[in-house]
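Worksheet for the structure shown next.
The values are calculated or read from the model by the stated rules, or taken from the named source; none is laboratory data. It should be emphasised that the depicted structure is a prediction, and the values quoted were computed from it without experimental measurement. Every residue, glycine among them, receives a Cβ derived from its backbone with ideal geometry; neighbour counts consider all protein chains shown.
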Amino acid sequence: MRKNFRVLGTVFALALAVTAGCAATGGNAQSSVTSETQAETAVEPGKETAAGGQSGSGGQSGSGTQTESGNQAGSGTQTESGTQTENGNQTGSGTYTESASLTEKPVKDMAGRDIQVPDVVKSVYSTSPVGTNFMYTFDDRMVAGLNVDLSDEEKRFTTEYYQNLPNLGGWYGKGNEGNIEEIIKADPDLVLASGVDRSSIDTADQLQEKLGIPVVLIDTDFDSMAESYRFVGRITGNVERGEKLAAYTEETIQRAREITASIPEDKRVTVYYAEEALGLNTDPSGSPHSRLIDLCGGINVADCEISPGYGRTEVSMEQVIAWDPQFIIACVDNGFADSGSYSAIMNNSQWAVIRAVKDGHVYETPTVPQNWFDRPPSVNTIIGIKWVQNLLYPEYTDYDIKEETKAFYSLFYHYDLSDGEVDSLLARSLRAQ
């Protein structure tokens, strides 16, 4: 079955080349995209996920060597050129002359689809930046390729191996597509995509047929992230790693709920979530984009409609003045629409009458490698929980947020932050000492 998967994917790639008049395999170049397409995905109104489409290109590497777990790594796949790559995969034109002696196992993905995946999984392509970031935190060496070019800031806090991966594009955001031929050349063992709704399932099935590679769906929604780590741990054979990340995630969310429950109603503080360049877009309580305010016990002052999909309901300066929040969280949407509103708020006299500005409680969301608060709804929101709750209620938390940041980046991002790097990350994000 794996051999058939590979051959079908290769035939499809060759057909694309013929249709394009034997054009170069550059496909959908992703050298520059807006950060909305870099960071967000939306597959259904009101819920932003990393779905939109799924892709990949299976393939086991090695020459029948035995792994630590005792699993057989397979016989590899021979290509026309027979060039051996660093990770043991064969590259070339895609004409396979050697039969792969790979075994498979049945799994039920998080959308309930029955899928056959390799017994040994060493390489995973994810169809969106959210999924790729998720896999990076699980094991950076398992990531088969990126969806966008990394910014200099992202490169600062990621491993050298990850920085040097090819940009394969992806299916996410508005109108983005992956480069099918390049994905097949990258030869991942399976494809990871987010979303468990009907649309995500249909897209995954279609993409799996095109690529000839197993496409596995996970649920990266906030409340399902821990189970997603466990699921990936099971299918990749690294249950211990999956459980370690899942336990941290669950404990963080549960602790936040306990702290919130302990805060008397008359001690709750009001919060405005400022988005886009002028800070006059927001998401009210109940929106997935502002959920950290709700979880952490803040009172979201925005009295407006929830905009489906990407959110960002437009409001007026007069409304914000009337709401007069005690705290303002200023979103940095990884550069999208110049949405770093912190400077606009701090330098515009209209904002100066608002209590949060007068009291010095305007804080910018940390953003590297991805936003701690929202956009995208990624793994970084887990450390974001501790940041927001410590910001709003330091008297009810026992977090040293700088030390918590170091611990999170070490565990999830495989990077040990210096004191100076922590200060840089949190430059506009902490209460004055």
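Data for the structure
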read-out: Count of the range 277-308 residues which are within 25 Å of the chain's Cα centre (by Cα), hydrophobic (A, V, I, L, M, F, W, C) and part of a loop (DSSP other than H, G, I, E, B); value: 3
read-out: Residue in the range 325-333 that is touching a Leu at 6+ places or on another chain (Cβ under 7 Å), closer than 17 Å to CYS296 by Cα and not basic (Lys, Arg) present; value: yes
read-out: Some residue of the range 353-365 being surrounded by fewer than 22 Cβ atoms within 10 Å (Cβ to Cβ), touching a residue at least 60 places away in the same chain (Cβ under 8 Å) and more than 18 Å from ASN300 (Cβ to Cβ); value: yes
read-out: Condition broken by PRO377, with the remaining ones in (1) farther than 28 Å from TYR248 by Cα; (2) modelled with pLDDT under 95 satisfied; value: (1)
read-out: LYS267 vs. criteria modelled with pLDDT of 95 or more, among the basic types (Lys, Arg) and under 25 Å from ALA144 (Cβ atoms); value: no
read-out: ALA337 at pLDDT 95 or above and outside any strand (DSSP E or B); value: no
read-out: Residues (under 18 Å from the mean Cα position of the chain (by Cα) and either among the β-branched types (Val, Ile, Thr) or over 16 Å from TYR136 (Cα atoms) (or both)) located in the range 220-241; value: THR220, ASP221, PHE222, ASP223, SER224, GLU227, VAL232
read-out: Test: residue in the range 200-221 that is more than 30 Å from PRO325 (Cα to Cα), at pLDDT 95 or above and surrounded by fewer than 16 Cβ atoms within 10 Å (Cβ to Cβ); value: yes
read-out: Within the range 136-248, helices (runs of 4 or more DSSP H) holding 3 or more residues that are out of contact with any helix residue (DSSP H, G or I) (no Cβ under 6 Å at 6 or more places or on another chain) and under 20 Å from LEU411 (Cβ atoms); value: 225-236
read-out: ALA322 vs. criteria in a helix (DSSP H, G or I) and surrounded by fewer than 20 Cβ atoms within 10 Å (Cβ to Cβ); value: yes
read-out: Boolean, SER228 is surrounded by 18 or more Cβ atoms within 10 Å (Cβ to Cβ) and touching a strand residue (DSSP E or B) at 6+ places or on another chain (Cβ under 9 Å); value: yes
